[in-house]
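Novice: I have a structure here, written as structure tokens, and I will follow up with some questions on it.
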Amino acid sequence: MKATAIANANIALVKYWGKRDETLILPQNNSISVTLNGLNTITTVEFDKKYDRDVFILGKEKFQGSEEFKRVVKHLDLIREMARIKDRAKVASKNNFPTAAGLASSASGFAALSLAGTRAAGMNLGLKELSMLARRGSGSATRSCQGGFVEWLRGEKLDGSDSYAIQIAPPEHWPEFRMITTIVSAIAKKVPSRAGMTETVKTSPMYNAWLNAVKEDLENVKRGILKKDFTLVGKTAESNCLKMHAIMMTTKPALIYWMPATLEIIHSVLAWREEGLEGYFTIDAGPQVKVICLEKDVPELEQRLQNIQEVKKTIVCKPGEGSALINNHLF
């Protein structure tokens, strides 16, 4: 009863921020993302009677009693309930990028945990069911189960049975599409996304304006993806990102994830675009800026980004595959 899965992070082009159900992790709005091949999590799960308690190891650190540990155990409980088993589990996981720093580590993490966990428990879920399970661990994880360009459906039903991810286009649909991830800080953010969302929905006076604007952004990005209209996708994603950070900043107390380097990259991307070097920025709940561009502009953009003093690392990503089983176990 051991299985290992790999899942890629995804970065939203049209963001999700705010839930209509905190327990089932049901979003207030649809969202669209691209699954990225350069940012991944590998997770091994083993259910066995030899374990008298659940064990969770991330990287080289063993977690016990922390919030991260509690989230993993809660997810294991869901899997045990579905599989009708009672065995405790050992979970080992590793990311090839910083954790909890605005790079969607929970998305890849819970997508990998869902696939490895259900297989280790003897289940073989379809993509829809896997996506719905991953959603319970982390909302954005529902999108990492699918590859390429993905839409997470808000759904209308109270039980969440119509809230899952569907593929808009596979990775090979737009092979020239790229996203350059800049890492300006590997420090975990002080306010996790889940807690931040709750406060935004409660306190931001701009939240309803955000919801009213999302529908048009979704339509534009979906049309842009299908037609491979890079300018339309880039402009819409950048605008959507700024609107999301506006509701974060007007939350009480304010959620300001940006650092000086974040602003420097924003201003640089805007200036480069005026020069004719087309790139667009997007930022999740963290300081890291992702620059959306086409393959032909990667060398120039990456060199310029690396010349910014506070940029510690850049990772070039293209559309990647959804979660998958692999044979190389972590233990």
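Novice: Collect the residues in the range 186-222 that are of a type in the set (Gly, Ala, Ser) and crowded, with 18+ Cβ neighbours inside 10 Å, keeping them in residue-number order.
Specialist: Within the range 186-222, Ser193, Gly196, Ser204 qualify.
Novice: Out of (1) modelled with pLDDT under 95; (2) crowded, with 21+ Cβ neighbours inside 10 Å, what's the single condition that is false for Arg178?
Specialist: (1)
Novice: Name the pairs: first residue in the range 64-90 and assigned by TED's automatic domain parsing to the domain that holds Ala120 and under 24 Å from Val191 (Cα atoms), second residue basic (Lys, Arg) and part of a helix (DSSP H, G or I), Cβ to Cβ under 7 Å, at least 6 apart or on different chains?
Specialist: So the pair list comes out as His75/Arg136.
Novice: Then there's this: Can you spot a residue in the range 231-239 that is of a type in the set (Asp, Glu), closer than 30 Å to Gln306 by Cβ and part of a helix (DSSP H, G or I)? Reasoning before the result, please.
Specialist: Quick first cut of the range 231-239, residues of a type in the set (Asp, Glu) only: 238.
With closer than 30 Å to Gln306 by Cβ added as a condition, the list becomes 238.
Filter again for part of a helix (DSSP H, G or I), leaving 238.
Taking every residue of the range 231-239 in turn, at least one turns out to be of a type in the set (Asp, Glu), closer than 30 Å to Gln306 by Cβ and part of a helix (DSSP H, G or I).
Novice: State whether the residues of the range 294-305 include one that is closer than 21 Å to Val214 by Cα, crowded, with 22+ Cβ neighbours inside 10 Å and not basic (Lys, Arg).
Specialist: Of the range 294-305, the ones closer than 21 Å to Val214 by Cα are none.
No, because not a single residue in the range 294-305 is closer than 21 Å to Val214 by Cα, crowded, with 22+ Cβ neighbours inside 10 Å and not basic (Lys, Arg).
Novice: Quick one: how many residues across the range 1-40 are touching a Phe, Trp or Tyr at 6+ places or on another chain (Cβ under 6 Å) and more than 24 Å from His173 (Cα to Cα)?
Specialist: Initially, the range 1-40 is screened for residues touching a Phe, Trp or Tyr at 6+ places or on another chain (Cβ under 6 Å), giving 1, 27, 31, 34, 39.
Still in the list and also more than 24 Å from His173 (Cα to Cα): 1, 27.
Residues that pass the stated criteria total 2.
Novice: For Glu321, all conditions in the list (1) in contact with a Gly (Cβ under 7 Å, 6 or more places away or on another chain); (2) surrounded by 19 or more Cβ atoms within 10 Å (Cβ to Cβ) hold save one; what is the number of the exception?
Specialist: For Glu321, the failing item is (2).
Novice: I would also like to ask the following. State the number of residues belonging to the range 240-268 that are closer than 30 Å to Ile166 by Cβ and in a helix (DSSP H, G or I).
Specialist: 9
Novice: Taking the residues in the range 8-39 that are β-branched (Val, Ile, Thr) and surrounded by fewer than 24 Cβ atoms within 10 Å (Cβ to Cβ) as candidates, determine which candidate is farthest from the chain's Cα centre (by Cα). Before the answer, list the steps.
Specialist: We begin by selecting, within the range 8-39, every residue β-branched (Val, Ile, Thr); these are 11, 14, 23, 25, 32, 34-35.
Next, from what is left, pick out any that are surrounded by fewer than 24 Cβ atoms within 10 Å (Cβ to Cβ): 23, 25.
Numbers: Thr23: 19, Ile25: 14 Å.
Residue satisfying both the conditions and the ranking: Thr23.
Novice: If you check every pair at least six apart or on different chains, which have Cβ atoms under 8 Å apart with a residue in the range 261-278 that is assigned by TED's automatic domain parsing to the domain that holds Lys296 first and a residue that is surrounded by fewer than 16 Cβ atoms within 10 Å (Cβ to Cβ) and part of a helix (DSSP H, G or I) second?
Specialist: Every condition considered, the pairs that remain are Leu277/Glu300; Glu278/Thr231.
Novice: Do you know which residues across the range 269-309 are of a type in the set (Phe, Trp, Tyr) and assigned to a strand (DSSP E or B)? Walk me through it before giving the result.
Specialist: Start the filter on the range 269-309 by keeping residues that are of a type in the set (Phe, Trp, Tyr), which leaves 272, 280-281.
Passing the criteria: Tyr280, Phe281.
The values are calculated or read from the model by the stated rules, or taken from the named source; none is laboratory data. Bear in mind that the values here come from a model prediction, so they are computed numbers and not experimental data. Please note: Cβ atoms are built from the backbone with ideal geometry, for glycine as well, and neighbour counts cover all protein chains shown.
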